[in-house]
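The values are calculated or read from the model by the stated rules, or taken from the named source; none is laboratory data. Keep in mind the model is a prediction, meaning the values are calculated, not measured. Here the Cβ positions follow ideal geometry from the backbone for every residue, glycine too, while neighbour counts run over all protein chains shown. The accessibility values were calculated without ligands, DNA or RNA, using every heavy atom of the protein model including side chains. Shrake-Rupley method; radii C 1.70, N 1.55, O 1.52, S 1.80 Å.
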Amino acid sequence: MAIPAHAPDDSFVQLLTPEGERIDHPDFPLTLGDDDIRSLYRDLVLVRRVDAEATALQRQGELGLWAQSLGQEAAQVGAGRALVAGDMAFPTYREHGVAWCRDVDPLTLLGLFRGTTNGGWNPAAHGFALYTIVIGAQCPQAVGYAMGLQQDHAENAVMVFFGDGASSQGDVNEAFIWASVFNAPVVFFCQNNQWAISEPLERQTRIPLFQRAWGFGFPGVRVDGNDVLACLAVSREMAQRARDGAGPSLIEAFTYRMGAHTTSDDPTRYRLDSDVEAWRLRDPLERVRSYLHKQQLVDDGFFASLEVESEELAIRLRDGVRALPDPTPDAMFENAYAEPHVVVDRQQRDYAEYLAGFATGGS
Ligand SMILES: Cc1ncc(C[n+]2csc(CCOP(=O)(O)OP(=O)(O)O)c2C)c(N)n1
Ligand SMILES: [Mg+2]
């Protein structure tokens, strides 16, 4: 018997082609008003502007590091806009578009990368957990949170973000199992941007990532990660499924990391410019822009006023980041535990004494 290399269907859900043609998918219908589509385009443009400004600010020495979201805006905005109040998102370090949708001020994000805060926002207030650098660590946490929602009989969903590289982590696979056997209301949202720093996708998997879901006992779907409409439709469907008690699912958003891994990385050392060029033709913003044009849903004034808004946002970020107050040296002790902790308190006192030694010990 010939054993097939993988399950036959590795196509993806697409509702808007790279040329800006609207198409339908039988399993993921999406009805949006004209304002909704204009609003999604605004999200995409402003999220990209935040990313561009942050990259420039890092180059100017104002940020220690920046992880670019360039090229992944549609995946992040589509997923982020599928969430409702009471839902909870667990990000990695690159989900600036989801942060935007959860009303986290981008200036707060910049503070994290400037090192003026160890977190920056209240996760409960935004339905958006703190950024996680440890690859995959947020997945078991998200499943635990989802199981908590389940026990509270809350009709909300959790969405947890991770990358193609993270899919090889034990934490992620353990999270899949827990979610599956406890039927947790969680959507695993994998942004397959083809790279884990310099490691290509073929070092993570021999089959399309979404197909792994069935082995764990829940459905998976691959979506065009550069198509904001498809990402929104699929995310909405899977989040609603979770809220309805139908359990976990895996979404693989097939996309591309157009920038470097972070501002500390030089991707020209390990990938071809021609690959990047091919993905540029699938730009997530351009297809919405051409759809808006073709359908005559916008006039020149729309783009002009969006440009003004984008410029104002950039100026606010540039001025704001330089004005962020430096934390006091003992600020790092403040949020280690919710309640006072005897060991942390002692460490804080010792550290204060140590610092005081410098102030008085000079000759
Ligand atoms: C547990 C752990 N191992 C290794 C690293 C170093 N590291 C940081 S990002 C990264 C690659 C992650 O790739 P992927 O999951 O595809 O996410 P992407 O950066 O592409 O968004 C690695 C290995 C880490 N942060 N945590
Ligand atoms: Mg990746």
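GLY163 satisfies every condition listed in (1) within 16 Å of ligand 2 (Cβ to nearest atom); (2) without any contact (Cβ under 8 Å) to a residue 24 or more places away in the chain except (2).
Selection of first residues in region 189-209 that are closer than 25 Å to VAL77 by Cα and of second residues that are within 9 Å of ligand 1 (Cβ to nearest atom) and in a helix (DSSP H, G or I), restricted to Cβ pairs under 7 Å at least 6 apart or on distinct chains, gives the following pairs, ordered by first then second residue: CYS190/SER167; ASN192/LEU201; GLN194/LEU201; LEU209/SER167.
The set of residues in region 81-107 that are within 16 Å of ligand 1 (Cβ to nearest atom) and more than 8 Å from the chain's Cα centre (by Cα) comprises ALA89, PHE90. Would region 197-218 turn up any residue that is within 26 Å of THR262 (Cβ to Cβ), open to solvent by 30 Å² or more (accessible area, probe 1.4 Å), within 16 Å of ligand 2 (Cβ to nearest atom) and in contact with a His (Cβ under 8 Å, 6 or more places away or on another chain)? Scanning region 197-218 turns up at least one residue that is within 26 Å of THR262 (Cβ to Cβ), open to solvent by 30 Å² or more (accessible area, probe 1.4 Å), within 16 Å of ligand 2 (Cβ to nearest atom) and in contact with a His (Cβ under 8 Å, 6 or more places away or on another chain). Suppose the filter is farther than 16 Å from ALA242 by Cβ and within 16 Å of ligand 2 (Cβ to nearest atom); does ASP224 pass it? Considered against the rule, which asks whether it is farther than 16 Å from ALA242 by Cβ and within 16 Å of ligand 2 (Cβ to nearest atom), ASP224 comes out as no.
Scanning region 163-196 for residues that are within 9 Å of ligand 1 (Cβ to nearest atom) and among the small types (Gly, Ala, Ser) turns up GLY163, GLY165, ALA166, SER167, SER168, ALA196. For PHE302, the conditions (1) more than 16 Å from ligand 1 (Cβ to nearest atom); (2) part of a loop (DSSP other than H, G, I, E, B); (3) open to solvent by 30 Å² or more (accessible area, probe 1.4 Å) are fulfilled apart from (2). Considering region 313-344, and only residues there that are part of a helix (DSSP H, G or I) and over 24 Å from GLY115 (Cβ atoms), the residue that is least open to solvent (accessible area, probe 1.4 Å) turns out to be VAL343. For region 206-214, the criterion of being within 16 Å of ligand 1 (Cβ to nearest atom) and in contact with a Cys (Cβ under 7 Å, 6 or more places away or on another chain) is satisfied by at least one residue. Taken as a whole, the condition of being touching an Asp or Glu at 6+ places or on another chain (Cβ under 7 Å), modelled with pLDDT of 95 or more and away from ligand 2 (no atom under 15 Å from the Cβ) applies to ARG243.
Screening region 40-135 for helices (runs of 4 or more DSSP H) wholly inside it with 2 or more residues that are open to solvent by less than 50 Å² (accessible area, probe 1.4 Å), over 27 Å from ARG243 (Cβ atoms) and away from ligand 2 (no atom under 16 Å from the Cβ) returns the ranges 106-114. For region 215-259, the set of residues classified as under 21 Å from ILE197 (Cα atoms) and of a type in the set (Gly, Ala, Ser) consists of GLY225, ALA253, GLY259, listed by residue number. When the test is whether a residue is polar (S, T, N, Q), farther than 23 Å from GLY119 by Cβ and touching a strand residue (DSSP E or B) at 6+ places or on another chain (Cβ under 9 Å), ASN156 does not pass it.
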